[in-house]
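Structure first, commentary second.
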């Protein structure tokens, strides 16, 4: 089934879901990972998308699902071999989202040298707000954002702390994979990731721009 996302009240077809891992230094440290020399890229299936009004459903095969709050980019036109200085011209909107991770499953797979998809691609693992136009954002690399769980701040970050900027991420993906109109990109999470449980209410806040809530069932 074709997935539809919302951009300034207009419907748009969803393409690929790209995600960038290990893109904030303090998050790299909290998971005891090495700082990457180039963007760490993984993908989620479109079936993992959840939007405002959807509930988060935890996978039965995990006992340790973590929240990861991130800014998300929408690509408005095909982008192939794009230079960094032109990369933001391909952005059609920005949102705030959650990259949910079955951490116990991810750890087991990593220890076996296997891919992470089982830990990252379950239904509702890619939560996202509606997208807003780039002109309403200003400098994407100076944006505060946070996540509250049951009214308490769990994560807060600023996009200036990204290891790889949005320009660099878009350029890299355009060269290695090629980007298509409708693709979205999760840009990485700051420190403070932690487990969620049934009954939790997660509120994603991009001050003066976007607020969205998700309920864990």
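Structure notes:
- Check on residue 134, under 15 Å from the mean Cα position of the chain (by Cα) and modelled with pLDDT of 95 or more: no
- Total residues in segment 152-178, condition touching a strand residue (DSSP E or B) at 6+ places or on another chain (Cβ under 9 Å) and free of Cβ contacts under 8 Å to residues at least 40 places away in the same chain: 3
- Condition check for residue 92: modelled with pLDDT of 95 or more and within 17 Å of residue 46 (Cα to Cα): no
- Any chance residue 78 is closer than 23 Å to residue 173 by Cβ and crowded, with 22+ Cβ neighbours inside 10 Å: no
- Within segment 33-46, the residues that satisfy the criterion of being at pLDDT 95 or above and either in contact with a strand residue (DSSP E or B) (Cβ under 9 Å, 6 or more places away or on another chain) or closer than 24 Å to residue 133 by Cα (or both) are 39, 40, 41, 42, 43, 44, 45, 46.
- Of all positions in segment 119-130, none carries a residue that is free of Cβ contacts under 8 Å to residues at least 24 places away in the same chain and either touching a helix residue (DSSP H, G or I) at 6+ places or on another chain (Cβ under 9 Å) or closer than 20 Å to residue 79 by Cβ (or both).
- Note on segment 30-44: residues that are closer than 17 Å to residue 102 by Cβ and within 13 Å of the chain's Cα centre (by Cα) total 3.
- Residues that are loosely packed, with under 12 Cβ neighbours inside 10 Å and at pLDDT 95 or above within segment 11-32 comprise 11, 13, listed in sequence order.
- Cβ-Cβ contacts under 6 Å between residues 6 or more apart (or on different chains), taken from a first residue in segment 205-217 that is over 18 Å from residue 94 (Cβ atoms) to a second residue that is modelled with pLDDT of 95 or more and loosely packed, with under 13 Cβ neighbours inside 10 Å, are listed as 215/55; 216/198; 217/55.
The values are calculated or read from the model by the stated rules, or taken from the named source; none is laboratory data. What you see is a predicted model, and the numbers here were worked out from it, not measured in a lab. Counting neighbours? That spans all protein chains shown, and the Cβs are built from the backbone with ideal geometry, glycine included.
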